[in-house]
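J.: What follows is a single structure, and I will ask about it in a moment.
The values are calculated or read from the model by the stated rules, or taken from the named source; none is laboratory data. These numbers come from a predicted model, not from an experiment. Don't worry about glycine lacking a Cβ; one is built from the backbone with ideal geometry, like all the others, and counts go over all protein chains shown. When the accessible area is computed, the model is the full protein with side chains, heavy atoms only, and any ligands, DNA or RNA have been set aside. Shrake-Rupley method; radii C 1.70, N 1.55, O 1.52, S 1.80 Å.
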Amino acid sequence: SELKDLNSSMTTPEIAREIEALRKDCASYAEKLERIKCATTHVTPEEKEKVCREQQLYRREWRRRKRMATELLDAILEGYPKSKKQFFEEVGIETDEDHGVVLPAT
């Protein structure tokens, strides 16, 4: 069993090559990390604020349009003899809830 372990283990030159390869990998990763840390392409606070404002605007618009559509459909369904689900199937209306879509959090 000891002979089997010795035969399956690496030789000194193989280990030296493996260590050198690992050192090169480590150096390349360290260089990559340094480039990431020094990157000047980060998002500025102004750009972040602009994106947040746009998202807030779209969220408000989504709520407004959903509310208008719901009110319109409720008005139609007042005098409709069938259920809301049957009406949606007949007309071909797909809701956010059918697709698991939720409004993004603020």
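J.: Under the rule of -39500 (n - 2.57) per DSSP H run of 4 or more residues, summed and divided by the residues of the chain, what mean residue ellipticity at 222 nm is obtained, to the nearest 500 deg cm²/dmol?
T.: Computed ellipticity for the chain at 222 nm equals -23500 deg cm²/dmol.
J.: Can I ask one more? Just to confirm the number: angle between the C-alpha axis of helix 45-77 and the first principal axis of the chain, 0 to 90 degrees, nearest 10?
T.: The angle comes out near 40 degrees.
J.: Let me ask something else. Which one of Thr70, Thr95, Thr12 has the biggest mean-square fluctuation once the chain is modelled by GNM with Cα springs under 10 Å?
T.: It is Thr12.
J.: If you don't mind, another one. If every alpha-carbon in the chain counts as one equal scatterer, what log10 I(q)/I(0) does Debye give at q = 0.17, 0.24 1/Å?
T.: Values returned for q = 0.17, 0.24 Å⁻¹ are -0.98, -1.24.
J.: Checking a compactness column here: for the stretch 45-105, what do you get for Rg(Cα) / (2.2 N^0.38 Å), N being the number of residues?
T.: Here the Cα radius of gyration is 1.53 times the empirical estimate.
J.: With a cut-off of at most 16 other beta carbons within 10 Å, and DSSP calling the residue loop, which GluC sites (Glu not before Pro) in the stretch 25-106 qualify? Please list them.
T.: Of the GluC sites (Glu not before Pro), the ones in loops of the stretch 25-106 whose Cβ has at most 16 other Cβ atoms within 10 Å are Glu78, Glu94.
J.: For the chain, please report how many Lys pairs fall under 21 Å Cα to Cα, leaving out neighbours fewer than 8 apart on the same chain.
T.: Value for the chain: 5.
J.: For Lys37, Lys32, write out the residues from largest to smallest accessible area, computed with a 1.4 angstrom probe and no ligands counted.
T.: Descending order: Lys37, Lys32.
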